Amino acid sequence: MLSRLLLIVTVLSFFLTARCQDSTALLLNRLNQAIDASPRYDSTKVHTIRQLTTGLAATPRNDLHALFNGYLKLYEEYKVFNYDSGFSYARLLQATALELGDPTLTTYARLKLGFCLLSSGMFKETLDSLNKIDIHGAPDSLQAEYYALKGRFYYDLGDFDNDAYNTPAYTLRGNSYMDSALQLYPAGSFNHSYYTALREIKINQRDKARVLFWDILRRPDLTGHQIAVAASTLSDIYIYYDRPDTAIMLLVKAAIADIQTSTKETAAIFNLAQLLYKKGDVRNASSYIEIAIRDAVFYGARQRKVQVSAILPLIEGEKVSRVEEQKTIFVTYSIIATFLLLIVIALAITVSRQVRRLKTAQRIITEAHANVQGINGQLRETNNKLSEANSKLSEANKIKEEYIGFFFNADTESFARIEKFKKSLEQKIAYRKWDDIITLVNNTNFKKEREELLQNFDKVFLKLFPDFIERFNDLFAPEDKIQLKDQEFLNTDLRIFALIRMGIHENEKIARILEYSVNTINTYKTRIKNKSLVPNEIFEQRIMEIKTV
C-alpha cells in the first residue's frame, strides 16, 4: 500500500515537470537553428555580390560580351534574392544584347526579365514581356525555357484567381505550353523531371506526381534551390491528401534549403506557418509568418505579401485567444495544486500510522527472537527467517522514511513555486500585460525542475546505498564498469537498477518515471545484463542483495 502511494506521488511530480517532444518538435528545432544562422548565409550572399559588382566595375565599357556575362552573374545572384536588383540586371542584359545585335542573347535576356516579373507576381507585365519574344528559330534550350515559363505563368495565374471559371482554362493553357517544354528539355534533367511531375499535379494525377517527386529528391546532384522547389511542391500533394505531418517535414526541408541558399522568393515557410496554425501551434506559426512577411518585403513579391496579409490577422487573433485560455488553465492548475496538497497531508498521516505499525512489528519480532534462543535446531531455522524478515522491514522502513521526507520537501517547494507563479500571473492578468504573461510561461523551465528532481532522487538513494555503484560495478569486467561524469550522481543505466533496488520491477512503471518507452527500458536492461559477469536470470537478484547503510 505504501509503495503504491509513493509511486502515485512520483508520477504526479514528474507529470508536473515533464514535457513531451515529438518528431515535429525536432524538425522545427532544426529549422529554428537554420533561421538563427540565416544572417551568416545572407552575409555570404552579399559578399559574393560585392565581389561580382567590383569585377563588373573594372570591366571596359566597350567589351559588351564581358559586360553581358557580368550582368548575367549578378542577375543569377539576385533573381530569387531581391526583385528590384534582379529586374535591373535583367534590363541591363536586354539592353546589352540589343546593342550586340545578337537575337539569341536578346531572347535569352528577355526570358530572364520574364522570370523576374513572374516571381514578383506582376502577371500583366510578365505576359507583355513574353509576348514580345519571337521564339521561332531560337535554340532548343531557349525554346524549352520559354515554353516552361509560359506554362508556369498560366499555372500561377490560375492559382492566383482560384475560381471555378478561369482557373481550369488557365491550367489547360499551362499544360499545353508545358507539353512543348517537355519535348525540348533533355530526358533525365532536373527541369524535365520537375515539370513532368508538376504537370501530373495539374491533370489530377497526384499519385504519379508523388512518386516522381520522391525520385527527384533522391537524386544526389540537386542544388539547394532545386531541393527546396521539389520538396515544397511535393508538400502540396500531402496537404491535398490531408497528411500534414509529412507536409510539415517536406516544408521544413524546403525552408532550410531556402535559408541556406538565401532564397527570399519562397512559399515554403509561409505554407509551413499555415499548417502549424491549423494544428494549433500558434507560437511557431506566428514566428514563421513574420519571417515570410520579412522575406516577401525584402524580395518584393507582391502576391506573396497579399497572401501573408490574409492569414496574419487570424494568427494574431488566435494568440490573443490563447492568452485567455492560459488564464483559465492556470486557475485549473491552482485547483490541482490544492488537491495535491490534500493528498500529501493524507499521505503523511498514512505514513505515520504505517511507521508505528512497523515499529510495533519490529518489537514483536525482536522479542520472539529472544524467546527462541534456547529452542532446538529446528526452531533456529525459523528464527533465521524471522531475522531476515526483520532486516527487510527495517530496510524498507529506512527507505520509506528517507523518500517520504524527500518527496514531501520536493512537493512543498513545488507548491511554493506554483503559488508564486499564480500570484505573478494574477498580477499580470490584472494589468493585462499579455507579453509578460507569455514571457512568464515561456521562462517556466520544467525540464530543469525535472533534472533537479532526478538529482535529488540520486542523492537520497546514494545516502541509503552509499556503495551501490561499487557493488554494481563488481558485476562487470573492468572494461565494462560504469564511469560517471563530473557532477553526475547516477546515469540512466544506474538509475534503472536503482529503481529496481527500490522495489519497482515493472518496466512500464520504470519507463513512466524516467520518461522513456518500455522498449527503451528493455533495451537498456538487456544490454547491461549481457555485459555482466553473472547470468542474466540472476542479475536482478544480485542487485537486490545490495544493502543499505
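Derivation of every value follows stated rules applied to the coordinates shown; laboratory data play no part. Keep in mind the model is a prediction, meaning the values are calculated, not measured. Glycine gets a Cβ as well: all are built from the backbone with ideal geometry, and neighbour counts include every protein chain shown.
With each label modelled as a point 7 angstrom along the Cα→C-beta vector, the Lys463-Glu479 pair spans 4.0 nm. 3J(HN,Hα) along segment 172-186, derived from phi through the Karplus expression 6.51 cos²θ - 1.76 cosθ + 1.60 where θ = phi - 60°, amounts to 4, 5, x, 4, 4, 5, 5, 4, 5, 5, 5, 6, 9, 5, x Hz, with x in place of Gly and Pro. Looking at segment 447-549, the pairs of alpha carbons with a distance over 15 Å make up 63% of the total.
At a Förster distance of 56 Å, what's the computed FRET efficiency of Ala164 paired with Ile345, Cβ-Cβ distance as r, to 0.05?
Working: r = 67 Å, r/R0 = 1.19.
Result of the calculation: an efficiency of 0.25.
Determine, for each peptide in 220-231, 263-274, the mean count of other beta carbons within 10 angstrom over its residues, then list the peptides with the highest first. Kindly include the intermediate steps, with their values, before the conclusion.
On the way: 220-231: 17.6, 263-274: 24.7.
Most protected by this proxy first, the peptides run 263-274, 220-231.
Note on Glu540/His136: beta-carbon distance plugged into 1/(1 + (r/R0)^6) with R0 of 56 Å gives a FRET efficiency of 0.10.
Label sites at Thr338 and Asn204, each approximated as a point 7 angstrom past Cα along Cα to Cβ, lie 5.9 nm apart.
Annotation for segment 230-269 versus segment 47-103: alpha-carbon center distance of 31 Å.
Taking 0.36 nm per intervening residue step and subtracting the Cα-Cα distance, what contour gain separates Ala57 from Thr360 on full extension?
Numbers: separation 303, 0.36 × 303 = 109.08 nm, distance 9.78 nm.
Here the segment from Ala57 to Thr360 would lengthen by 99.3 nm.
Which FRET efficiency value, to the nearest 0.05, is calculated for Asp221 and Asp245 with the Förster distance at 35 angstrom and r the Cβ-Cβ distance? Please report the intermediate quantities before stating the final value.
On the way: r = 28 Å, r/R0 = 0.81.
Plugging the Cβ-Cβ distance into 1/(1 + (r/R0)^6) gives 0.80.
Ranked by the mean number of other Cβ atoms within 10 Å of their residues, highest first, the peptides 36-42, 202-208 come out as 202-208, 36-42.
How do the peptides 108-121, 533-546, 186-199 rank, highest first, by the average count of neighbouring beta carbon atoms within 10 Å per residue? Don't skip to the end; give the middle numbers.
Numbers: 108-121: 22.9, 533-546: 13.1, 186-199: 17.0.
So the order, starting with the most tightly packed, is 108-121, 186-199, 533-546.
The label point for Arg471 and the one for Leu533, both projected 7 Å from the Cα toward the Cβ, are 1.6 nm apart.
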